[in-house]
Structures are given as structure tokens and as C-alpha cells.
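The values are calculated or read from the model by the stated rules, or taken from the named source; none is laboratory data. The shown structure was predicted, so the numbers you read here are calculated from the model rather than taken from an experiment. All Cβ positions, glycine included, derive from the backbone under ideal geometry; neighbour counts span all protein chains shown. Protein only, heavy atoms only, side chains kept; ligands, DNA and RNA dropped before computing areas. Shrake-Rupley method; radii C 1.70, N 1.55, O 1.52, S 1.80 Å.
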Amino acid sequence: IFYLAKILDPFSIKKEQWKKNNNLKINKITGLNKDLPFTFKQLSNYLKCGVPLVECLEMTAEDVNNRKLGKILHKISSEIRDGEMLSNSFGRYFDNLLIIKLIEAGEGGGILSDVLLSLSEYIEKDVLTQSRIQKIFNSIFVFLSFALFIYSSGIFPLMNKYPIYYFL
């Protein structure tokens, strides 16, 4: 326990370690969002055109609307320039294991642009499905709220007292 407390002590981090490790300032991207399909599609298109990977990442970082994702892509490009593998760099900033493993497989097999395009299509469909599910749950919530309001307003005892054609 003492060892764990020593590791988690914020005062034990030296100033030069804080400056050197810039990953502490950027949180990981958890889940799939609507900016990732565009990002992976852009990376795939740039790679298919023969642009080097570092330049692909930097150009995509400029193209993306999400500032956090742009910063992450700039960090990944600088790590690759320093000799890091793309899958390892993505692993630092993305929580989704599927993305990391597929990029690792594409990197190893030389089909990274195809893998990125497939990832883009998969994430696009997944985000669309999630939004549809959210709309369904919202509709159910509105319906149940309306039903609860009708039930609590006392209309049902009137319906038992008078026949339905009385209200028409």
C-alpha cells in the first residue's frame, strides 16, 4: 500500500517529467464519436495518394473540426516521427481496443489505408445505430410520461363511469 501511495503522490512528479510527458494533458478518447469516421477516411485517402504517414496525420489534424482530436493527431504524428509504431501511439489516446488492433494488423500487413477505410465505415454505421437507439428511447420516454400524466390526471375513472361513445 505504501508503494501505491508513493506512485500516486502528485508531489513526487518532477517538473522535467511533467514537461517531458505531454500525454498527461490530453485525455483518452472513449467511445466512438462522429468525428472519427471523417478522420479515418481522410487518413485512408491521403495514404492511397502516396502521402507519407506523418504528413497524413498532420493534414488530417488540420482538417478535423474537433480540436481535441486534432491535438491528438498532432501528438501521434510527432511520436511516429520519433520512431513509435502507429498502433502504439493510437493505444495511448484511444480506449477502443478494436481500433488499436485493426490498425496494428493493417500496419503489419501493409494494408493500412484499407483498414482505415473499413474502420471509417464501421464507426459511421455504429454512430448512426447509436443515434437511432437514442431516438427510440426518447420516444418511449415521452410516451410513458404522457401515459403517466393521463393516468394520474384521473381520466380513467371517468371512462369507467361513462361509455366510450359518450366522449365522441
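Number of residues in region 103-117 that are open to solvent by less than 70 Å² (accessible area, probe 1.4 Å) and either in contact (Cβ under 8 Å) with a residue 12 or more places away in the chain or closer than 17 Å to Thr60 by Cβ (or both) equals 8. Applying the selection to region 50-66, what residues are among the small types (Gly, Ala, Ser) and in a loop (DSSP other than H, G, I, E, B)? Gly50, the sole residue that qualifies.
Scanning region 30-61 for residues being more than 21 Å from Asp82 (Cβ to Cβ) and either crowded, with 19+ Cβ neighbours inside 10 Å or modelled with pLDDT of 90 or more (or both) gives a total of 13.
Take the conditions of a type outside the set (D, E, K, R), modelled with pLDDT under 90, closer than 25 Å to Pro37 by Cα and over 16 Å from the mean Cα position of the chain (by Cα) and apply them to Gly110. Does it pass? Spelling it out, Gly110 is indeed of a type outside the set (D, E, K, R), modelled with pLDDT under 90, closer than 25 Å to Pro37 by Cα and over 16 Å from the mean Cα position of the chain (by Cα). Total residues in region 67-98 satisfying the condition of being open to solvent by less than 70 Å² (accessible area, probe 1.4 Å) and either in contact with a strand residue (DSSP E or B) (Cβ under 9 Å, 6 or more places away or on another chain) or hydrophobic (A, V, I, L, M, F, W, C) (or both): the figure is 10.
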